[in-house]
């Protein structure tokens, strides 16, 4: 018997997604992104200077930080202090890599954009929500920097969104929530661009293994989900046509 | 010439205060507290066990953590990692001490309540907002624990609220915002209980010194502000009369 | 024009792989694994006890540590101290996850196997070499524990090997060396089991994106490489038929 | 019944205070300050340069470090390593703030004065003893720097001393020792200048709360104690009239 | 031309040594040890329990901590925090090893003696002064523990003292001060017992090397110095004959 | 009855020593040094720049790092992380000091040579093997730097080798293995140069003490062992006569 989703969704159905812009007002961009019960505050800020390996190249950089508030989960989680967990570091690196794929780093100049993804509430899919919402915040921040004359032209050369998919009882499901995530046999995170080109794919068998056929079904589901996310993002970015230099 | 408040308030006037309960749904209590443009998410969670010095005494404990999100201020602030700043530690200790004054620790049993005060937006007064909002979250969490049968009787034996006052151009002002805070010659944080008994007073001359007379004016202002906060808290706690064991 | 491999290999050709067992004699297993110029010392040791989340379950655990010697690369690299890089943590987690997929953890009892992958010389593919060689060391260690009577039955229920593949000038290549790795547009690490079921796939576009078709070509190459590695592993494990409980 | 002081003092009476100058000879100033059984070695040293936020301003800085020797208390205390306790950080910041109030930072130039307060023996009141003794050491160090021609004019524009007061059985007592400190219901630390202007006041109710009337009694006591300390300090500073630029 | 000692001593002459007992009164033993201008506060305290490797053996342990106050030297030295320097760790281990050689650890029971050597003033020879003074403090602490009935019999089975010697312009000198220490070509620390048996010898050529003949001259000097220190120690330990179980 | 060596050696006999050069190929020098069952990979690399205290002096520096692989001993040892043990720091400092004694630091220019001594297998004598093998690696690296024209003249002005000696049942033995090391009453490490001048001597009585006569016997043994090591080193350094500037 196939898996019945606890929230009654179809296997190929996303949770409701929303982007609340200007959630706070001091940062250049702050977008509270909700994907079902997962809530991630995605902020973007700008600082002068770049990491050492880019100094003098004229290129900019984008880096990401990811954290959970202790109150984001039913059981309070200790803040990460002294050292970041491997999981947190993997996620930070993934967010950074994915969003850099949307940028012409030369158009930023020697500046660093920092994307802060602070999870206020966690119901699985926090890293993909951080990427999808982080892109909206990034666009918003770029828009602000263009208005302020800090940037002369938009560095946005792509659109990036991400989603999770997984196998439950051998069948593919899109956008797992927490209950599904812990039961999934295979867990995938997929990042794609506006042409559904793949930016990153990470798939892990939590138990057993999976076949090439299953992998292709999972990617079909991911692709469909990301198509919808790309539309939702563009709706949330008022001046998308001005910003996109693709 | 006297100081003109940038937001047009009278010298004795508070900023608007509000308590948004159930801001997130997984923690036992999560209250988004706004005091003007200062926004602090106050969450309370419960864990079994107490610090070593209380083991075997039958008493419970309350501890607090305070952090700013990097995006809470116009210039992004680095997360505190590896070590907490002296400022953060002082604030955490103050919040913990103040809220413990509202509790009969024996009525909690050997459990630890953790108050997380995460500043989403900072326009001065974050520590006093954390105390005032933390008390509302604490009452909410106690209410939940009573309903769940975890606690048999309410440990709330007092009500606690806090406010800042300061001297600007030699005159007292209530509830400073950021612009005022950086200009103040003297900066006070005052914590009081339901009878306007003083729980804690901390006053620092940023330049020069202040007289006993000035100290008394500042405390008069603080007292008036706290009277209003106490009313606002009770309005935000639906079942206050059931919880209060004073 | 297509990429010419600096070492003259065909695009689908592995580098020579070898497993030097008993490279040191004090650890239960120590296999110097060479994949071309990449050399990883894979050691396995056993300790009583398991991480907290497994205590009392009767199950065992396998964990991995990965490090580079400072002299492994042309430019000396600082040892990681105080904190591990995100890269190192990702690799450690990947090695651990992959090798656990080969084990029936209940057959280990409440013991922890630690796989140490120390890179003596790095010419790309260190993480996949660590997995492929780590599996041989694991089998060797299990064999020793069976002989010593520590284990009653072999916990090995699968065989695991890993390889990298990448796109260079749009075409797939198997088992990249360092020169190729830095030029690759897309970089994949693939872990498979004895039935070529996928345990893990991680693919990243370093520039641009890649199509579903390209992904499938890359997995075809990976599959062919892993078939050869599985044979090489079994040749290196004298008593494979006794150990394998699949 | 009122509190009987274990050492027979009147409620308004200080413990004997003394300042042993040149306790060690290599530091610019090293004053062993004894307040009853509390002994704090207050040293002052000078380094070129200032913290980042003052670079290029022409102003100097004063910072403080506070530590207890492990042997200062009946039960050996672990040295603080890896992180400072919140208590230590609060005290360091208080000492620094208080002593900076005595200085015209411009007259120091871009130099940093470091006040080290090392507690050799602890019988309560260590932070106030550190401030009172630290001021004597500061004056001594300034005197040396003037003689050496490092400074052209004395930066001392104020005199600063500190004392603790507390409520025991509802009544105020001056300069608590350890036995009193642990029993006090309310604990105050007060820092004043040569005109009895208040630099800092910190008062905490350890149990219950305190009234405005009680607060005023406590400040009356503190004021009387500090008047005596100010005299003792001036007696200990040979060339006070030359140094004081008030 | 031979080295002229800056303080006019003969080459074989010690600096004045003194032991000020009960320098502070809360620790079981606190001996301010002066060797010329070098001043080390040697304290001994006792705690229940032993390190893991001794648990259940019935044996006790002695460990040492060594630190310099920042004000101990003409240029302020940063406190060691987060990590101890190699030098400090070497010294701590040397002090511990040397003083353990004086003890029958079984007579201590499962307790740990901690020797804190805090250098108040440093004019070279701090580690040897810490050992020589630490032994006096140790005897004092043992004496107290016997009086308190904590110990039934004295664990002191040896007497331990230490001194430095060095080569300056090829000739041996005893008990170098700072000026000599930085100029010495060879630097030795020697620890001996009551029978002038060697407990530890550490000799380093700072430049060039030294011959077996020179080594023997240095040990002759060290032996003469230690003979005098052994006498001085016994004079400082009132009840030496009762304590010594040799 | 005298101690019978477990491997049948005479008391004055070294274990077989060998130097496998170019053990890995990316570092400037990598010599796998075996002394019996002790195996240390000694690598040397070069970086521009020197520590602060040498900047602008024109002199170079040599520093050493020492670590054990977790698999080097029968029981897996945790990697040192967060802090180095006192033992590791002592050994690193000893290796660095000893090898610097072989160099004219001015002939290196403002460069830093780093000697990495990674113990692959530990059967006692790891620090002396690291020094003896580190010298061979150093010569090899210098040779490479001369060929590359990085250095104009060889900075090698001495030859350095090291060995351990110890007392077992009161008698001296050369080059202890692990079984002997844990049983030795006295443990010595001796570093000498090409003229058998002593660079460093460190001797510790693990139990009891030792006499001047015993010390001299131990040094006689050490001297004989080092004479053989010096020959073995010169045989392993092809162009010794060109490199040595003694």
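Plainly put, the tip 7 Å out from Cα toward Cβ on residue D:213 is 2.4, 8.9, 8.9, 9.2, 9.2 nm from that tip on each other copy, the closest given first.
Neighbouring Cβ atoms from other chains, within 10 Å of the Cβ of residues in C:216-225, number 1 on average.
Residues D:168, D:229, ranked from the fewest to the most other C-beta atoms within 10 Å, line up as D:168, D:229. Taking the DSSP bridge list for the protein assembly as shown and keeping only pairs wholly inside it, about 85 percent are antiparallel. Normalised by 2.2 N^0.38 Å, where N is the number of residues, the C-alpha radius of gyration of segment E:17-243 stands at 1.01. For segment C:53-123, the relative contact order works out to 60 percent when only alpha carbon pairs closer than 8 Å and six or more residues apart are counted. Helices in the protein assembly as shown, meaning DSSP H runs of at least 4 residues, each add -39500 (n - 2.57). Divided by all residues, the mean residue ellipticity at 222 nm is -9500 deg cm²/dmol.
Compared with the dominant principal axis of the Cα atoms in chain E, helix E:86-100 is inclined by about 60°. Ranked by how many other Cβ atoms sit within 10 Å of their own Cβ, fewest first, the residues A:213, E:126, D:57 fall in the order A:213, D:57, E:126. Take every Cα pair under 8 Å whose residues are at least 6 apart in sequence, average their separation, divide by the length of segment B:17-243, and the relative contact order is 20 percent. Take each residue of peptide A:87-98, count the partner chain Cβ atoms within 10 Å of its Cβ, and average: the result is 3. Here the convex hull built on the C-alpha positions of segment E:32-148 has a volume of 107 cubic angstrom per residue. With contacts taken as Cα pairs under 8 Å and at least 6 residues apart, segment C:150-245 reaches a relative contact order of 32 percent. Once a ≥ b ≥ c are taken as the square roots of the eigenvalues of the Cα gyration tensor of segment E:1-94, is the result rounded (a/c under 1.5), prolate (a/b larger than b/c) or oblate (a/b not larger than b/c)? In terms of gyration-tensor shape, prolate. With respect to chain A, whose longest principal axis is taken over its alpha-carbon atoms, helix A:212-236 is tilted by about 40°. How much of the pair distance distribution for segment A:148-223 lies past 14 Å, counting alpha-carbon pairs only, in percent? Counting pairs separated by more than 14 Å, the tail of P(r) holds 61 percent. Using a 7 Å projection from Cα along Cα-to-Cβ, the label point at residue F:20 is separated from the same position in the remaining copies by 0.4, 6.2, 6.4, 6.4, 6.6 nm, smallest value first.
Counted over segment A:17-243, the DSSP beta bridges are approximately 85% antiparallel.
Using every pair of distinct Cα positions in the protein assembly as shown, the Kirkwood expression returns a hydrodynamic radius of 36.3 angstrom. Take each residue of peptide B:75-86, count the partner chain Cβ atoms within 10 Å of its Cβ, and average: the result is 6. Ordering E:90, D:206 from the fewest to the most neighbouring beta carbons within 10 Å gives D:206, E:90.
Between the helical axis of C:126-147 and the longest alpha-carbon principal axis of chain C there is an angle of about 20 degrees. Our Cα-only numbers for segment D:99-232 put the radius of gyration and Dmax at 16.7, 54 Å.
Every number here is computed from the coordinates shown, using simple stated rules; none is lab data. Please read these numbers as outputs of a predicted model, since none were measured by experiment. Cβ: placed from backbone, ideal geometry, glycine included. Neighbour counts: every protein chain shown.
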